[in-house]
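Data block below; observations after.
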Amino acid sequence: MAKSCSTLALIAAAVSTATAAAANDAVNFQLDWTPGGISAAYYMGLEAGCFTDQGIDVTISRGYGAADAVTKVATRVADFSVTDLGVIVGTIANSGAPVKAILPIVQQSPVGIAVLENSPIQSLNDLEGRSIGTSVGNAAIEYLPLGMEAAGADLTKVEHITADGSALNGMLFRGQIDALASYVTSVVQLNTIGQATGQGVRAIYYGDALNIYNASVFTSDALIAENPDLVARFSAAVQCSYNTARENPEATIDAVTKHVEGMIRDTQVDAVPFALDFAFNNPVFAANGFNWDMDRVANNIAATGRVHDLANTALTPADVVYTPASQ
């Protein structure tokens with residue numbers, strides 16, 4: 001009898017486990033670009049169980065630019081993605097994309113330009129008469145007009161060269177472009193790559209004075225309406241991922257190297273700690289954590305309107321940012 005009871009208990013436990021596993025939500029999470037740097041934290045979240053603890057089976061895939069990321073979420077090819085809040089604002093204003101940002105990650109804009117270490121370009125003023133490379137939908141180029149304006153430089157004297165994102169790094173190293181629209185967080189990784197061939201890369205940063213958000217996790221209006229609980233759990237899983245990554249940067253480097261095919265660990269040794277420090281060691285995060293500052297969101301909308309011709313000029317923070325209180 002004891003044996004029978006033991007067997008029944010094992011069967012019940014197995015059924016319970018299977019039921020719990022079956023109850024997990026399958027989620028497609030598409031990045032806006034290739035993994036690494038700030039996005040390494042999501043792979044740390046996989047290792048630490050941040051997603052499974054929230055009943056989520058997540059598949060993380062690389063992205064192909066900010067514009068593509070918004071399109072994939074708006075059309076529900078992907079459930080969640082992450083990109084610059086200004087891109088989200090612009091897409092909502094101009095095409096009515098049914099998406100909303102749910103969580104700020106990088107709360108101070110890291111926009112800048114990347115140049116070779118030996119480049120004569122020392123400031124944005126020095127861009128005049130030279131070329132800058134960018135890809136379609138590259139958020140790093142969006143606010144260059146504001147940066148140039150603040151520096152007293154003339155943007156019309158800068159040649160813009162648009163190319164596929166995967167080709168831009170090589171174009172910089174080969175001297176086909178003088179500068180690359182980039183984030184300071186990305187330049188760290190780019191410098192590591194360049195150092196291997198004797199070409200250092202440095203950043204010229206101008207995003208600190210813009211008072212705007214950068215990388216923000218977003219989803220579709222439809223998913224928010226259909227399953228707000230999943231949205232809340234995914235948000236919690238992402239926060240867990242970043243909190244764990246901040247505590248374990250070396251393990252985070254190991255995690256992204258393990259999960260991303262072809263990832264070279266050395267490219268992340270400097271990039272991951274720098275990105276985490278940039279995102280979370282600043283007054284904005286200290287004051288707000290992972291919560292939205294609605295005045296800052298409003299300024300983000302205004303700043304986006306200054307660099308784009310927005311079809312809808314009456315957007316409010318509630319139009320672009322979702323919080324449980326706004327249901």
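The values are calculated or read from the model by the stated rules, or taken from the named source; none is laboratory data. This structure is a prediction, so every number in the text was calculated from the model and none was measured. In this analysis, Cβ positions are derived from the backbone assuming ideal geometry, glycine residues included, and neighbour counts consider all displayed protein chains. Quick note on the areas: whole protein, heavy atoms, side chains included, nothing else; ligands and nucleic acids left out. Shrake-Rupley method; radii C 1.70, N 1.55, O 1.52, S 1.80 Å.
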Looking only at the range 233-256, filter to residues that are closer than 12 Å to E47 by Cα, polar (S, T, N, Q) and out of contact with any Phe, Trp or Tyr (no Cβ under 8 Å at 6 or more places or on another chain); which one of those is most open to solvent (accessible area, probe 1.4 Å)? N248
Could you look through the range 66-88, keep only residues that are part of a helix (DSSP H, G or I), in contact (Cβ under 8 Å) with a residue 60 or more places away in the chain and over 19 Å from L210 (Cβ atoms), and pick out the one that is farthest from the chain's Cα centre (by Cα)? A74
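Conditions (1) small (G, A, S); (2) over 18 Å from the mean Cα position of the chain (by Cα); (3) within 21 Å of L144 (Cβ to Cβ), marked per residue:
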site: D164; (1), (2), (3): no, yes, yes
site: N169; (1), (2), (3): no, yes, yes
site: R174; (1), (2), (3): no, yes, no
site: V188; (1), (2), (3): no, no, yes
site: Q195; (1), (2), (3): no, yes, no
site: Y206; (1), (2), (3): no, yes, yes
For the range 137-161: of the residues being in a loop (DSSP other than H, G, I, E, B) and not aliphatic (A, V, I, L, M), which is surrounded by the fewest Cβ atoms within 10 Å (Cβ to Cβ)? G152
For helices (runs of 4 or more DSSP H) lying entirely in the range 247-327, having 3 or more residues that are under 20 Å from the mean Cα position of the chain (by Cα) and under 23 Å from A209 (Cβ atoms) picks out 271-280, 283-288, 294-307
Taking interchain pairs and intrachain pairs at least six residues apart, which have beta carbon atoms under 7 angstrom, with the first residue in the range 171-182 and in contact (Cβ under 8 Å) with a residue 24 or more places away in the chain and the second among the basic types (K, R)? D178/R130; A179/R130
R202 is checked against (1) without any contact (Cβ under 8 Å) to a residue 40 or more places away in the chain; (2) farther than 30 Å from F80 by Cβ; (3) open to solvent by less than 60 Å² (accessible area, probe 1.4 Å) and fails just one. What number does that condition carry? (1)
By residue number, the members of the range 299-319 that are crowded, with 16+ Cβ neighbours inside 10 Å and of a type in the set (S, T, Y) are T304
Here's a check for you: in the range 6-65, which residue that is at pLDDT 95 or above and polar (S, T, N, Q) is nearest to the chain's Cα centre (by Cα)? S39
With the checklist (1) charged (D, E, K, R); (2) farther than 25 Å from E247 by Cα; (3) open to solvent by 30 Å² or more (accessible area, probe 1.4 Å) in hand, flag the one item R296 doesn't pass. (3)
Residue that is part of a helix (DSSP H, G or I), touching a residue at least 24 places away in the same chain (Cβ under 8 Å), open to solvent by 10 Å² or more (accessible area, probe 1.4 Å) and among the hydroxyl-bearing types (S, T, Y), where the choices are T91, T59: T91
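Conditions tested, residue by residue: (1) in contact with a Phe, Trp or Tyr (Cβ under 6 Å, 6 or more places away or on another chain); (2) open to solvent by 20 Å² or more (accessible area, probe 1.4 Å); (3) modelled with pLDDT of 95 or more; (4) of a type in the set (D, E, K, R).
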residue: V82; (1), (2), (3), (4): no, no, yes, no
residue: G86; (1), (2), (3), (4): no, no, no, no
residue: I105; (1), (2), (3), (4): no, no, yes, no
residue: N125; (1), (2), (3), (4): no, yes, yes, no
residue: S135; (1), (2), (3), (4): no, yes, no, no
When only residues in the range 180-199 that are open to solvent by 20 Å² or more (accessible area, probe 1.4 Å) and touching a strand residue (DSSP E or B) at 6+ places or on another chain (Cβ under 7 Å) count, which is nearest to L276 (Cα to Cα)? Y183
Surrounded by fewer than 21 Cβ atoms within 10 Å (Cβ to Cβ) and either assigned to a loop (DSSP other than H, G, I, E, B) or modelled with pLDDT of 95 or more (or both): is that true of I177 in this structure? no
